[in-house]
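The values are calculated or read from the model by the stated rules, or taken from the named source; none is laboratory data. Everything numeric in this text was worked out from a predicted model, so none of it was measured. All Cβ positions, even for glycine, are placed from backbone atoms using ideal geometry, and neighbour counts span all protein chains on display.
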Amino acid sequence: MMNLFKKKILLLSILALIAQISFSQEIRVNTYGGYVFKDKVDSYYSSSSYYSGQIQDGARWGGGIEYVIPGIGGLEIQYLRQNTNAPTVYSDVIHSGGQLQKTDFDLRLNWLMLNSTRYFPVSEQLEPFAGFGLGMGIFSLTNPDTNNERSATKFAYSFRGGINLWLGNNLAFRAQTSLFSAVQSMGGSLYFGSGGSGAGLSSYSSMFQFGFDGGLVFRIPME
């Protein structure tokens, strides 16, 4: 009889936990606006085929939709955009005969990420968090000297940490630092392709972007 009573108590506890989770879910709309620091990219394929450039710093903006279960964490679909320049010195045997060239490329960076976030609330107002993301970086680059344009899509990952400062029940200010990386994102085929079948350099360089973001969080309870 006692074992049966304990099983009933355990079952009721599990059902209560499930009910609590199911009634405390929420959707958050996150907005982002921030600053990204410079990042150097280079590769030396041979003495006559290499490039050395720098992705310039600048503003980044975007947004995300996040599904959150308090006490467990959140899952967010995020989009970020940055328009910048990449002054680059390069030598390419295929397209320039190995002669040294310099171009200030126009670069558009688009990040589409799926983020997992763990929240550590310390009070009703302060909610620190940390998380990581996986997704893709979509890069479009234009050579202003020739008007040739190239694009590439690469696997990307990110890490972030910060805090939400809740100003009311459904509104918070968000501040965070983040690191984004796209594996083998910058290479000859993106920078120096002539627009035809030529591939340019066959070597690549990964990029790492460190930045700060701020924005607003809008909470939509699901009851």
Self-check item: Unmet requirement for Asn83, which otherwise passes all of (1) modelled with pLDDT of 85 or more; (2) more than 30 Å from Leu165 (Cβ to Cβ)
Solution: (2)
Quiz prompt | Unmet criterion (only one of (1) touching a Ser or Thr at 6+ places or on another chain (Cβ under 6 Å); (2) not in a strand (DSSP E or B)) for Pro121 | solution = (1)
Quiz item: Looking at the range 147-155, is at least one residue surrounded by fewer than 17 Cβ atoms within 10 Å (Cβ to Cβ), more than 30 Å from Tyr90 (Cβ to Cβ), at pLDDT 80 or above and among the small types (Gly, Ala, Ser)?
Solution: no
Quiz item: In this structure, is Tyr44 over 25 Å from the mean Cα position of the chain (by Cα), part of a strand (DSSP E or B) and modelled with pLDDT of 55 or more?
Solution: yes
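Here is a check on your reading of the model: is Met113 surrounded by 13 or more Cβ atoms within 10 Å (Cβ to Cβ), among the aliphatic types (A, V, I, L, M), out of contact with any Lys or Arg (no Cβ under 9 Å at 6 or more places or on another chain) and assigned to a strand (DSSP E or B)?
yes
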